[in-house]
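The values are calculated or read from the model by the stated rules, or taken from the named source; none is laboratory data. Just so it is clear, the model here is predicted, and its values are computed rather than measured. Note: ideal-geometry Cβ built from the backbone for every residue, glycine included; neighbour counts use all protein chains shown.
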Amino acid sequence: MSTPTIDYTTATLEECLLDFQQRFNENARVKKLIPGWNRKILIEPTDVENPIHLVISDNEMREVSPGMVEDPMLVHMQADEETFKRVWTGDINPATALIDGTLAVFSDERDKVKLEAIAMVIWGL
Amino acid sequence: MKKTIELLFYVSFGAGMAFGMSSFTMLSELNHVVNGPWVVLAIVLAGAFCAMISASVAELASMYPSAPGVRTYLKVAFSNRTSLVLVYMYLIFMVLVAAIESYMFALVLGAVFPGTPQIPVVIGLIGFTMVVNMLGLELPRGMQIISTLGLIGLILSLGAYGFAGDRPALILVPVLLGVVALLLIARAFKVELSKRLRFAAWAVLVVAAVLAAFALAADRPAAPSPQALRQGLQIPAAVSMAVYLFIGFEWITMLGMKPDSYKRTIPVSMPLAILTNVVAYSFVAFGMWLRLPAEVIAERPIPQVPYFTAVLGASGPYLALLISFLAIFSTFNAGVMGGSRLLYILAREGVLPKFCAWMSAKGAPLGGVAVLGLAAMASSIVVVTYDLPGLVATIGSALVGCVYSAFMLAVLRLRKTKPDARRSYRTHVPVWAQWAVIVIMPALGVAALFSQPDLGFWPLAGAFAIVLAAALMTWWSLSRSENERLPVKPGPALGS
């Protein structure tokens, strides 16, 4: 299992996501999972007004920016901010969060599996 | 995605998941217990129960959107152990349905090409579906809508032609009921209909009612006979069996495209999917009754073949085969895909071994597909060898009825334990009616297990074996997950 370099209890959600972006872009196995998978991902905390979106294109996570985003193939995620921080720093397994109802993912089914696979590759959970 | 297309996708998916080749087998099984209009009554009542259950499922989905329903709702409302027992019961049911579906495909293929060996066909079909899923191939959404609508449209047309071919005015009876049901659904979900639409609906109602009354007066049924009254007493068992015809509608809740979908679109799409299937099954059941002797329907697990032959002549079996292909193309594949993802997520959660979460470089759940496919192959060999489709379907519907009852209980329990949790939708079914369904569904299931004296105690023994297997799997899962699972600190529920 990969060790987080960032402490979710003190970091902001954006910092957690920037750390994840670096891991994502440096991981060779992730690159194998995502050819042709160009998506915008909206991270929307339910307890604070702090939406952040990620842009994945051409085998890289190119953007981590605050604010909402629209896209026909949008992957929309909702959870409270702490759950998000723990998911993106590998502190909890996203599958467990989904089953426990603490995380919701609105997208095509294959996109959910793809995100799960990425988390598994990066964190080894 | 536009709202209408989104609604159409959910409705076609929900109706399609419930509609498979084994639905015809269940129509045949129902004719062991009741026949003719009583079958239709059982279908309508089972549809009404499922519509009430769907409202509870919609409320749970609005609390836990996009979650793998059968696992999440029951885990949150009851306990991990209870949830796992019911999830394993559901998974065993899915494996058995895959076995029945593939067997029915082999029988239909055999009707067109006599002498086709059954076991190689069954194994080949499941193997083919496994390969398709392992390669990560999936029907585009538009194709899925078209193939499912095509499938249901064909069934509706053949059913309507079968029962109203000689007396076209009879077609107005289901039209009348369908419009009433749609108006009731619109009212329940507070859908504002335009003045023009309301006028058109009422005009159709009045004209259809008048013409149907004339048609029925000309075709007046005989007075109730003692045999008919005996059949009436068998209705509870038949209703439980008919629930089988709607199983799968709840899978819609995992497919929500956006948070707003759970407020109205998904809640309204489930009863619409159920209504679509009520009409389709009723047409076919009534058509079969008019065109075929009761013994022919009851004796053959693929009654659609003699029925289509009676309606269309020599081309009937070919059409039955085309419908089988359509069902395999859309619903069978969707079932294998959904089941394998449930296995995958259980493995990721730590309750199943890690190999169930193996994934291809493209992100296809290899482990889940392999486990589900191999289990379906093994059970299909048993089902084919001992010719068990009717027995297995009857047991399955009784057990899933218990899972559905648990969904309703989960709603009432969560209203007490989590009264302030976010609910973007609340069921309109009164609490007393929910309690009634919670009690009635398992009772009907027990009645179904004893409904066919010629089967002896096999239905009861089979149901017991499945429950025991689910309990043992739960015990095994919990003991291994305690040893192997990573410590997970659960956060607050999304809806809290």
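Numbers at a glance
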{"read-out": "Unmet criterion (only one of (1) touching a residue at least 40 places away in the same chain (Cβ under 8 Å); (2) surrounded by fewer than 20 Cβ atoms within 10 Å (Cβ to Cβ)) for B:Thr309", "value": "(1)"}
{"read-out": "Filter result for A:Leu42 (closer than 24 Å to B:Tyr262 by Cβ and outside any loop (DSSP other than H, G, I, E, B))", "value": "yes"}
{"read-out": "Given (1) away from chain A (no Cβ under 14 Å); (2) crowded, with 21+ Cβ neighbours inside 10 Å, index of the condition B:Ser62 fails", "value": "(1)"}
{"read-out": "Pairs, first modelled with pLDDT of 95 or more in the range B:43-59, second aromatic (Phe, Trp, Tyr) and not in a helix (DSSP H, G or I), C-beta under 6 Å, six or more apart", "value": "B:Ala58/B:Tyr425; B:Glu59/B:Tyr425"}
{"read-out": "Residue selected from the range B:243-286 under the condition over 21 Å from B:Ile440 (Cα atoms) and among the hydroxyl-bearing types (Ser, Thr, Tyr), by the criterion farthest from the other protein chains (Cβ to nearest Cβ)", "value": "B:Ser282"}
{"read-out": "Selected residue (only one of B:Ser397, B:Ser479 is on the phi < 0 side of the Ramachandran plot, at pLDDT below 90 and surrounded by 15 or more Cβ atoms within 10 Å (Cβ to Cβ))", "value": "B:Ser397"}
{"read-out": "Residue satisfying all of: in the range A:55-66; part of a strand (DSSP E or B) and touching a Lys or Arg at 6+ places or on another chain (Cβ under 7 Å); surrounded by the most Cβ atoms within 10 Å (Cβ to Cβ) among these", "value": "A:Ile56"}
{"read-out": "Residue check for B:Ser360: under 18 Å from B:Met104 (Cβ atoms) and either in contact (Cβ under 8 Å) with a residue 40 or more places away in the chain or assigned to a helix (DSSP H, G or I) (or both)", "value": "no"}
{"read-out": "Per-region count, the range B:115-154, residues modelled with pLDDT of 85 or more, among the polar types (S, T, N, Q) and assigned to a helix (DSSP H, G or I)", "value": "2"}
{"read-out": "Single residue of B:Ala314, B:Ala327, B:Ala280 found to be of a type outside the set (Val, Ile, Thr) and surrounded by fewer than 19 Cβ atoms within 10 Å (Cβ to Cβ)", "value": "B:Ala314"}
{"read-out": "Elements of type helices (runs of 4 or more DSSP H) in the range B:227-308, at least 3 residues being touching a Gly at 6+ places or on another chain (Cβ under 6 Å)", "value": "B:265-291"}
{"read-out": "Members of the range A:1-60 that are more than 14 Å from A:Lys85 (Cβ to Cβ), over 14 Å from the mean Cα position of the chain (by Cα) and charged (D, E, K, R)", "value": "A:Glu26, A:Arg29, A:Lys31, A:Lys32, A:Glu49, A:Asp58"}
{"read-out": "Residue count for the range A:18-32, restricted to those that are within 14 Å of another protein chain (Cβ to nearest Cβ), of a type in the set (A, V, I, L, M) and touching a residue at least 24 places away in the same chain (Cβ under 8 Å)", "value": "1"}
{"read-out": "Evaluation of B:Met17 against (1) within 14 Å of chain A (Cβ to nearest Cβ); (2) at pLDDT 90 or above (one fails), failing number", "value": "(2)"}
{"read-out": "Wholly enclosed helices (runs of 4 or more DSSP H) of the range A:72-125 bearing at least 1 residues facing another protein chain (nearest Cβ under 9 Å) and within 22 Å of B:Glu138 (Cβ to Cβ)", "value": "A:94-99, A:109-123"}
{"read-out": "Top-ranked residue of the range A:33-54 - restricted to ones that are touching a helix residue (DSSP H, G or I) at 6+ places or on another chain (Cβ under 9 Å) and facing chain B (nearest Cβ under 10 Å), ranked as surrounded by the fewest Cβ atoms within 10 Å (Cβ to Cβ)", "value": "A:Asp47"}
{"read-out": "Residues of the range A:65-100 classified as more than 17 Å from A:Trp37 (Cβ to Cβ) and among the aliphatic types (A, V, I, L, M), total", "value": "8"}
{"read-out": "Test: B:Ile266 is under 24 Å from A:Leu98 (Cβ atoms) and within 14 Å of the chain's Cα centre (by Cα)", "value": "no"}
{"read-out": "The range B:65-81 - residue that is part of a helix (DSSP H, G or I) and without any contact (Cβ under 8 Å) to a residue 60 or more places away in the chain and, of those, farthest from the other protein chains (Cβ to nearest Cβ)", "value": "B:Lys75"}
{"read-out": "Within the range B:316-351, tally of residues that are away from chain A (no Cβ under 11 Å) and either at positive phi or outside any helix (DSSP H, G or I) (or both)", "value": "0"}
{"read-out": "Any hit, the range B:290-309, residues being β-branched (Val, Ile, Thr) and over 30 Å from B:Asp454 (Cβ atoms)", "value": "no"}
{"read-out": "Among (1) farther than 20 Å from A:Cys16 by Cβ; (2) modelled with pLDDT of 90 or more; (3) not small (Gly, Ala, Ser) - the single one A:Met61 does not satisfy", "value": "(1)"}
{"read-out": "A:Thr96 without any contact (Cβ under 8 Å) to a residue 12 or more places away in the chain and within 30 Å of B:Ser83 (Cβ to Cβ)", "value": "yes"}
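Condition check ((1) at pLDDT 95 or above; (2) closer than 18 Å to B:Pro301 by Cβ; (3) surrounded by fewer than 24 Cβ atoms within 10 Å (Cβ to Cβ)) across all residues:
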residue: B:Gly69; (1), (2), (3): no, no, yes
residue: B:Tyr73; (1), (2), (3): no, no, no
residue: B:Ser79; (1), (2), (3): no, no, yes
residue: B:Glu101; (1), (2), (3): no, yes, no
residue: B:Val112; (1), (2), (3): no, yes, yes
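Matching residues to (1) within 14 Å of chain A (Cβ to nearest Cβ); (2) over 21 Å from the mean Cα position of the chain (by Cα); (3) more than 24 Å from B:Ile145 (Cβ to Cβ); (4) buried (at least 24 other Cβ atoms within 10 Å of the Cβ):
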{"position": "B:Ser22", "(1), (2), (3), (4)": "no, no, no, yes"}
{"position": "B:Trp38", "(1), (2), (3), (4)": "no, no, yes, no"}
{"position": "B:Leu41", "(1), (2), (3), (4)": "no, no, yes, no"}
{"position": "B:Ser83", "(1), (2), (3), (4)": "yes, no, yes, no"}
{"position": "B:Val97", "(1), (2), (3), (4)": "no, no, no, yes"}
